[in-house]
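Visitor: Structure provided below as C-alpha cells; questions to follow.
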Amino acid sequence: MKNVLFLVIILLSNSMKADDFPKIFGCFCEGGLITGKVKKNDELEVDNKKIEIFDEGVFIYAFGRKYNDSVSISHNGKKRKFKVLNKKYKIENIKGLPQKKVDPSKDDLLKIKSDRSKINKSKKMGKKQKLFSDQFILPVNGRLSGFFGSQRILNSKPRSPHNGIDIAQKEGAPIISPSKGVVKLVSKNMFFTGNTVILDHGLGLISIFAHMKEIFVREGQQLDLGDLVGEVGMSGRATGPHLHWGVYLLNKPVDPLSLVESSFF
C-alpha cells in the first residue's frame with residue numbers, strides 16, 4: 001500500500017511539474033505568432049534566444065515567413081520542442097500596374113525613401129503592454145486576392161514576397177479595426193501604399209492598412225475591436241479597389257490569417 005501511495009505521489013508531482021510549463025497560444029506555423037504568460041522574473045528562450053518578458057509576464061514571438069521544422073522553447077531551464085508547420089507559397093502574377101509604380105523615377109525614389117522611413121519608425125517598439133484582443137477579425141469582408149508570403153511578379157518582373165493579405169472589395173466599403181490598439185501613423189499619398197494607417201497593438205505588434213480611399217482616425221486615437229478606421233480604395237500601387245492588411249512583430253512579417261484563425265489567452 002505504501003509503495004502504491006508513493007507511486008501516486010510521484011505521478012502527481014510529475015504532473016504538477018508538467019503544468020509549470022506556460023500555456024502557449026497562437027499558431028506554430030510559418031507566418032504565425034505565439035504568446036503566453038509567465039512570471040516577470042522567469043527566464044524564457046526560443047531556439048536559445050532570450051525572449052523579453054513584458055508587464056504582467058506576457059511574452060510574444062513571431063516565426064516569420066520561413067522557419068525550421070521545429071522550435072525549442074526553454075522556460076526556467078525546462079525545454080520543450082514544438083513542430084512548426086511549413087507553408088507552400090503561391091506565385092502571383094500582377095499585370096496592368098502603371099510602369100512608374102514598377103520602375104520609379106529618381107524623384108519617386110526620394111518619396112519612397114521618405115515613406116519607408118516613416119513605416120520603419122512605426123515598426124519600432126511602441127506600447128509595451130498587450131493591447132490586442134484575444135481574437136482578431138478581418139478588417140473588411142471580401143475576396144482574398146493576395147496571400148501572405150507569395151512571390152509577386154509585377155508586370156513580368158519578380159519582386160519581394162508579399163508581406164500581408166489583399167482583400168478585394170468595392171471602393172468605399174468600411175474598414176474596421178481587427179483588434180484593439182492605438183493609431184501610430186496616418187499618412188496620405190504614400191508611393192506604394194497610398195493612404196496608409198498603422199495601428200499599434202502593443203508589444204511591438206502592428207497592423208498596416210494600405211490603399212485606403214478615406215481615413216477616419218487620427219494619430220494617438222485608441223481603437224476597440226470593430227471600430228471604423230476608413231474606407232477601401234485603390235490609392236498608391238494598386239490595380240483595383242482592395243485593402244492590403246499587413247502585420248509585423250517589429251521587423252518580422254506575420255500572416256494576418258494566422259491571427260484570425262487563432263485565439264490568444
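Coordinate-derived values only; no laboratory data. Worth saying up front: this structure is predicted, and the values here are computed from it rather than measured. Here the Cβ positions follow ideal geometry from the backbone for every residue, glycine too, while neighbour counts run over all protein chains shown.
Visitor: For G204, what residues show an amide H to amide H distance below 5 Å, using hydrogens built from the backbone and excluding near sequence neighbours?
Guide: For G204, whose amide H was placed from the backbone, the distant partners under 5 Å are G126, K127.
Visitor: Among 134-145, 222-233, 27-38, 46-57, what's the highest-first ranking by average C-beta atoms within 10 angstrom per residue?
Guide: Going from most to least packed, we get 27-38, 222-233, 134-145, 46-57.
Visitor: Now for a different question. Suppose each label sits 7 Å from its Cα in the direction of the beta carbon; what would the M234-E214 distance come out to in nanometres?
Guide: Simple spin-label model gives 1.9 nm for this pair.
Visitor: In nanometres, what is the gap between the two model label sites at I24 and K95, each 7 Å from Cα along Cα-to-Cβ?
Guide: It works out to 4.4 nm between the two label points.
Visitor: On to the next question. Relative to the present Cα-Cα distance, how much length would full extension add between K39 and L85 at 0.36 nm per residue of separation?
Guide: Gain on extension, K39 to L85, equals 13.7 nm.
Visitor: Using 0.36 nm per residue of separation minus the Cα-Cα distance, give me the extension gain between L250 and N155 in nm, one decimal. It would help to have the intermediate numbers written out before the result.
Guide: Values: separation 95, 0.36 × 95 = 34.20 nm, distance 3.02 nm.
Taking L250 through N155 to full extension adds about 31.2 nm, to one decimal.
Visitor: Another question, if that's okay. Amide H of T196 versus every other amide H placed in the peptide plane: which residues, excluding those fewer than 5 positions away on the same chain, fall under 5 Å?
Guide: Residues meeting the amide H criterion: S187, K188, N189, M190.
Visitor: How far is helix 106-123 tilted, in degrees, relative to the longest principal axis of the Cα atoms in the chain, given as a value from 0 to 90 rounded to the nearest 10?
Guide: Between helix and principal axis, roughly 30 degrees.
Visitor: Quickly work out the L110-to-L144 label distance, labels modelled 7 Å from Cα along the C-beta direction, and quote it in nm with one decimal.
Guide: 4.1 nm
Visitor: Right, next: If you project the alpha carbons of the stretch 33-159 onto the principal axes, what extent comes out on each, in Å, largest first?
Guide: The Cα atoms of the stretch 33-159 stretch 54, 32, 32 Å along the principal axes, largest first.
Visitor: What order do you get for 178-190, 160-172 when each peptide is scored by the mean count of other beta carbon atoms within 10 Å, highest first? Walk me through the intermediate numbers first.
Guide: Details: 178-190: 19.7, 160-172: 17.8.
Peptide ranking by packing, descending: 178-190, 160-172.
Visitor: Using the structure shown, list the pairs from K66/K106; K23/K130; K124/K188; K127/K170; K128/K252; K23/K50 with a Cα-Cα distance above 28 Å, or answer none.
Guide: Those over the limit are K66/K106; K127/K170.
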